[in-house]
Amino acid sequence: MSDSPASDGPVDQSRRTWVAITCGAGAIGGVATAVPFVSTFLPSERAKAAGAAVEADISALKPGEKMTVEWRGKPVWIIRRTKEQLETLKKTDPQVADPKSLRNPGELTPAYARNEYRSIKPEYMVAVGICSHLGCSPIDKLQPGAQPSLPDDWQGGFLCPCHGSTFDLAGRVFKNKPAPDNLEVPPHKYLSDTTLLIGDDNKA
């Protein structure tokens with residue numbers, strides 16, 4: 001009888017192959033499991049886009065026209081106001097609740113928009129189109145004059161269809177309305193005369 005251990009005997013090739021296959025499959029399975037797990041810590045493209053600044057081409061925007069872009073899931077209005085529309089702000093100044101945009105300025109109105117026009121350039125209004133009352137989206141009532149749910153001396157602006165809050169053409173809320181604050185002016189800056197960047201106002 002031989003004193004040699006059994007391990008010194010002939011190697012079972014089928015067993016070796018089976019062990020190799022099992023180890024390989026285990027390694028592949030581990031990697032396949034780890035990749036989606038690790039990827040959960042990385043922001044998705046959609047998530048990155050949700051907080052990213054958005055460029056708006058305003059080159060085709062004519063006086064009196066409005067365009068809407070989406071930033072962080074919110075509608076941002078850009079209106080190229082006419083000279084006549086800008087002049088209405090003097091008339092609505094005594095009728096609005098916060099004419100100088102002093103309420104919650106850190107949240108609602110950047111320093112460069114705390115003026116009569118609530119804008120960097122008087123011609124352009126930039127505001128988040130969400131009512132400060134309960135989050136409804138006001139509708140355009142840009143045409144001046146008497147209209148349903150509006151006063152006879154209406155100068156143009158916006159009407160919230162949910163509870164009747166009204167805003168002038170600078171996004172300032174009228175007195176004695178449910179909405180407590182003016183429309184939010186998002187951080188923004190001009191990259192050029194025809195390109196607006198919404199969501200970033202840092203100086204380059």
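Any read-out appearing in this document is the output of simple, stated calculations on the displayed coordinates, not a laboratory observation. Here the structure is a predicted model, which is why all the values come from computation and not from measurement. All Cβ positions, even for glycine, are placed from backbone atoms using ideal geometry, and neighbour counts span all protein chains on display.
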Review point. With (1) under 19 Å from residue 187 (Cα atoms); (2) in contact (Cβ under 8 Å) with a residue 60 or more places away in the chain as the list, and residue 140 as the residue in question, which single condition is left unmet?
Key: (1)
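Okay, residues lined up against (1) farther than 14 Å from residue 76 by Cβ; (2) of a type in the set (Val, Ile, Thr):
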| position | (1), (2) |
| --- | --- |
| 121 | yes, no |
| 138 | no, no |
| 155 | yes, no |
| 166 | yes, yes |
| 178 | yes, no |
| 184 | no, no |
| 189 | no, no |
| 197 | no, no |
